[in-house]
Amino acid sequence: MDNPETIFALSSGQLPSGVAIIRISGPRCRFVIETICKFLPPARVASLREILDFDGREVLDQGLVLWFPGPNSFTGEDCAELQIHGGRAVVAAILRSLGSFDGLRLAEAGEFSRRAYENGRLDLTELEGLSDLISAQSEAQRKQAYLQSRGQLRRLLEGWRLRLIHMRAMVEADFDFSDEEDVPGSVADKVWEDAASLHDEIAEHLDDDHIGEIVRSGYRIVLMGLPNSGKSSLLNLLSKRDVAIVTEVAGTTRDIIEVELDIGGFLVVVCDTAGIRESTDLVEKEGVRRALEAGEGADLVIWLWEKGVEDGGPASSPDKQIIVRTKNDDGQFEEKHLSISTLSGYGIDTLISEISFRIGVLSEGMEDGLITRERHRLAMVEALRELEIAKTGDLIPADIRVEYLRKASDHLGRIIGAVDVEDLLDVIFSEFCVGK
């Protein structure tokens, strides 16, 4: 895609800094570099140069200049980077100089990445992975985002799309080229078996416990229990700071308090909630309602149950709940449940190890092209529905049935942002030698 405008922007973050990077992309990029550096560096070789004003008279700074001729650049256009000193005045002077060139303007948010997509350098999932990589807070997020930015999910989806295109090509061949010698008879007979097989693969991929979304947004743990069961004390201990108010007065916590932690390389969001009890206080009742709602949406509920109190936690799936006896300040062993003391620290390491274990079990198979966003999941579900009709529609005419294959392919194509109807013909002519 040809874009007449050349854009530039600071791409290295907050100033001041040791080094600042200014990126330039577009058709006038080469002219700009030759003007402000009096020299065009060899492609992809860092060259130390003086950076001049737009009129070539004043030296603004000295730094490294890199030249990336299109289409082999991030955006697919001619690109350059200026690696300069990261002082505010230095950066401001160079940005002001670049803005003085005709045909140059400051880039909008995400515009370099958008041009990379429009020029076919990155698909939508790779762009999303790049965005996640920049904002990654944990090792698991970094790993997942890097793999997606390198095309892991795209390759999986593209493989499924190509299989669907091939299936459609087989049916189309039966329709249009059945009298050709190069087209094997009844090639469409196996198509519906292949459709059923692909249906099962996508269904299995969707049955992933939402681990990709959990890694991206954080493993959500909700602390629940009766008033004064030690929820706020545990939150403060885990976060190593006084996040929540702790008093002997029951019902201190009314709203949900969230803290982000790194446990075992995963982002974990721990939520303190109001104590669960009957109350006539409108504010406390709302707090209890929110606590119960948070528990429903949690990846794990830690139900705190004070030692010596017989009323335990609510029944729940053991995969989603840990019952923990609190205020075990004398360190007596509990046979049935985990037991902790926020005063002495007893049992805290065991609790953290249990949390790490559950996250680790959930995250097995992270390198299989994980679904990281709701739009990915919804599109796959839609593709699955179309495949379900296609594979079981024996009474549907073949020309209608194959339309469901096309719809399934389009749903997958929308995830990566590349739906091309022309590649159906490419498959037909290349595999069956039609029209040779």
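The values are calculated or read from the model by the stated rules, or taken from the named source; none is laboratory data. No experiment lies behind these values; they were computed from the predicted model shown. Positions of Cβ are generated from backbone atoms using ideal geometry, with glycine treated the same way; all protein chains shown enter the neighbour counts.
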Near pairs, Cβ below 6 angstrom, 6+ apart or cross-chain, from the range 98-121 (free of Cβ contacts under 8 Å to residues at least 12 places away in the same chain) to any residue that is in a loop (DSSP other than H, G, I, E, B): none
Members of the range 340-395 found to be of a type in the set (D, E, K, R), over 23 Å from the mean Cα position of the chain (by Cα) and either at pLDDT below 90 or surrounded by fewer than 18 Cβ atoms within 10 Å (Cβ to Cβ) (or both), listed by number: Asp349, Glu354, Arg385, Glu388, Lys391, Asp394
So in the range 59-92, with the set limited to residues that are charged (D, E, K, R) and touching a residue at least 40 places away in the same chain (Cβ under 8 Å), which one is surrounded by the most Cβ atoms within 10 Å (Cβ to Cβ)? Glu77
Options Ser197, Ser186; residue that is polar (S, T, N, Q), surrounded by fewer than 17 Cβ atoms within 10 Å (Cβ to Cβ) and modelled with pLDDT under 85: Ser186
Within the range 93-107, take every residue that is assigned to a loop (DSSP other than H, G, I, E, B) and not aromatic (Phe, Trp, Tyr) and give me the one that is surrounded by the fewest Cβ atoms within 10 Å (Cβ to Cβ). Asp102
Could you tell me whether the range 58-68 includes any residue that is of a type in the set (Gly, Ala, Ser), farther than 30 Å from Leu267 by Cβ and at pLDDT 90 or above? yes
Which members of the range 264-289 meet the condition of being aliphatic (A, V, I, L, M), in contact with a strand residue (DSSP E or B) (Cβ under 8 Å, 6 or more places away or on another chain) and over 13 Å from Leu235 (Cβ atoms)? Leu267, Ile276
Of the conditions (1) of a type in the set (D, E, K, R); (2) surrounded by 20 or more Cβ atoms within 10 Å (Cβ to Cβ); (3) within 30 Å of Gly265 (Cα to Cα), the single one that Arg115 does not satisfy is (3)
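Taking the range 108-142 on its own, how many of its residues are of a type in the set (A, V, I, L, M) and part of a loop (DSSP other than H, G, I, E, B)?
Here is the first cut: in the range 108-142, the ones of a type in the set (A, V, I, L, M) are 109, 116, 122, 124, 127, 130, 133-134, 136, 140.
Narrowing the set further to residues that are part of a loop (DSSP other than H, G, I, E, B) leaves 109, 122, 136.
Number satisfying all stated conditions: 3.
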Unique match (being closer than 23 Å to Gly151 by Cβ, modelled with pLDDT under 80 and surrounded by 15 or more Cβ atoms within 10 Å (Cβ to Cβ)) among Val434, Val427: Val427
Being assigned to a loop (DSSP other than H, G, I, E, B) and under 15 Å from Val32 (Cβ atoms) is the filter here, so list the residues in the range 49-74 that pass it. Asp53, Phe54, Asp55, Gly56, Pro69, Gly70, Ser73
Within the range 12-27, residues surrounded by 13 or more Cβ atoms within 10 Å (Cβ to Cβ) and either over 14 Å from Ser97 (Cα atoms) or outside the structural domain of Leu98 (by TED's automatic domain parsing) (or both) come out as Ser12, Leu15, Ser17, Ala20, Ile21, Ser25, Gly26, Pro27
